[in-house]
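Read-outs: derived from the displayed coordinates by stated rules, not from any lab. Model, not experiment: these values are computed from the prediction. Methodologically, a virtual Cβ is constructed for each residue, glycine included, from the backbone with ideal geometry; neighbour enumeration extends over all protein chains shown.
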Amino acid sequence: MSSPPNSNTAAMVLAAGRGNRMRPLTDHTPKPLLQVRGKPLMLWPMDALQAGGFRRVMVNTAWLGEQIAERLGAWSVEHPQAALAFSHEGQEFGYALETAGGIARALPWLGEVFWVLAGDVYVPDFVFTQASVDRFAASGLLAHIWLVPNPSHNPYGDFGLSSDGFALNTADDDRFTYSTIGLYRRALFEAPWCDILPGNPQGTAAPLAPLLRAAMDAGQVSAELYTGRWTDVGTPERLEELNRSAALPAA
């Protein structure tokens, strides 16, 4: 990975997963490159980041990562203002590092405060703003996440939301689903919160949820509810439904 340019807040787009639930579509095409309404899935948030003025983008890869690098090479030609970097976990370690492991690997490039989002979730209306970054940076908290109303495939949700805007690690029924979009402070991926070595040179694979839940218990994660269009494109049927609805005539 190259050194970060001197520019604005970075974003990490997670694109290393195998996409087992999307098979056989993902046997030969990485899930983030599956077409949604005429555009590769991961390019929806990447274009939105550029529209919001966030030029620095880190993408992690593993399964069929060479296809992602090739497609984004063409994307970067179309977006010469973008500063694109890769963390090729598959090439470096032979496997994906999961979310926390992947972020820890990319941490030297990402800076103090950064966006994290999944490259396989369709959120066409989300707007990435500097105001959100400034608010989060001033808060001193470890993370700020966007929650969405529970879809049918996740009816019990992931996290609660307090009346004063904090995410809750709760077991009650009043929970929402994590959108996969969040702002993070690098301290969450360092000691004492995270025991992965800086830069993750040993290739530790680790999930994000335990770190988030520990930070929530300490009152260190704020949250807000997002009610725009959102789809976790987790199955071929959901992908088909998205593309079919795009082809329907307007009412």
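Annotations
- Trp63 sits among other residues whose Cβ lies under 15 Å from its own Cβ, and their net charge, with Lys and Arg +1 and Asp and Glu -1, is -2.
- Whole-angstrom Cα spans of the range 103-183 along principal axes, big to small: 37, 29, 26
- DSSP finds beta bridges in the chain, and of those with both partners inside it, around 45 percent are antiparallel.
- If you take all other residues with their beta carbon under 13 Å from the beta carbon of Ile196, and give Lys and Arg +1 and Asp and Glu -1, the sum is -1.
- Dividing the mean sequence gap of close Cα pairs (under 8 Å, 6+ apart) by how many residues the range 104-222 holds gives a relative contact order of 37 percent.
- Hydrophobic, long helices, defined as DSSP H runs whose alpha-carbon span along the helix axis is 15 Å or greater and whose mean Kyte-Doolittle value is at least 0.0, occur in the chain at 98-110.
- Relative contact order [Cα under 8 Å, 6+ residues apart], the chain, whole percent: 24 percent
- Antiparallel bridge percentage (DSSP; both residues within the range 1-104; nearest 5): 15 percent
- Treating each Cα of the range 1-129 as one equal point scatterer and applying the Debye formula with no solvent, the log10 of I(q)/I(0) at q = 0.12 Å⁻¹ comes out as -0.40.
- Under 9 Å, Cβ to Cβ, from Asp120 - net charge with Lys/Arg +1 and Asp/Glu -1: 0
- Size-normalised alpha-carbon gyration radius of the chain, reference 2.2 N^0.38 Å: 0.97
- The range 153-251, relative contact order in percent, only Cα pairs under 8 angstrom and at least six apart counted: 26 percent
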